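First up is the structure itself, then whatever we jot down about it.
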Amino acid sequence: MSNLVKRQSRQLKQRRPFGLVLIILAWSLVMGWLFTSATSVYSATPTAEVGTVDVIPAQYQLGQELYIENCAKCHIPLPPQVLPTQTWKNLLEDTQHYGVRLQPLVDPARILVWRYLVNFSRTQRQDEETPYRVDKSRLFKALHPKVDLPRPVQINSCVSCHPGAEQYNFRRLSPEAENTN
């Protein structure tokens with residue numbers, strides 16, 4: 001009887017590593033699939049409906065909404081990519097916003113807006129002066145190479161080429177603007 005018990009015990013020990021490997025493999029596949037489906041922004045938001053410059057992951061959407069809500073009170077909110085991170089930092093810290101005294105954002109809204117801006121703004125070159133006007137921005141100039149911009153450039157004049165700008169849609173262009181590219 002003891003030989004039979006020993007033989008069964010050996011068979012169980014030999015099966016355990018194989019079973020354990022199968023369980024770990026199945027667990028990894030399920031977790032990978034869940035993680036992919038939970039973080040997949042592109043499958044959650046059809047590209048045709050995206051009006052902003054980039055698809056915004058869920059963790060930054062509230063920051064984007066707060067940014068749009070606060071900036072759209074006075075003017076069209078610009079996509080963060082147009083200005084470098086340092087400009088956005090300075091704008092969030094300064095209560096004087098282009099000659100107008102603003103009520104500063106307070107935490108947690110300020111933190112959410114900052115996370116959105118820092119993740120979608122561009123870096124600034126070391127030799128580049130921090131632009132505070134959109135027409136001084138290197139990226140803005142690169143995106144509008146053949147556009148005859150009004151002087152001075154007013155943010156609200158974006159609507160002439162970007163008819164959806166008031167809805168934060170800078171992808172759609174007017175027929176005239178499409179011909180300048």
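A short reminder: the numbers here are calculations on the coordinates, not readings from a lab. On a predicted model such as this, the values are computed, not experimentally measured, just so you know. Cβ: placed from backbone, ideal geometry, glycine included. Neighbour counts: every protein chain shown.
Think of the stretch 48-179 as a dipole: +1 on every Lys or Arg Cβ, -1 on every Asp or Glu Cβ, centred on the Cα centre; then among 59, 164, 152, 152 lies furthest on the positive end. Amide H contacts of residue 97 (H built 1.01 Å from N, in plane; Pro and chain starts excluded): 102 sit under 5 Å, all sequence-distant by 5 or more or on other chains.
Subtracting the Cα-Cα distance of residue 22 and residue 65 from their residue separation scaled by 0.36 nm leaves 11.0 nm. Computed FRET efficiency, Cβ-Cβ of residue 160 and residue 36, R0 35 Å: what is it to the nearest 0.05? Using R0 = 35 Å, I get an efficiency of 0.25.
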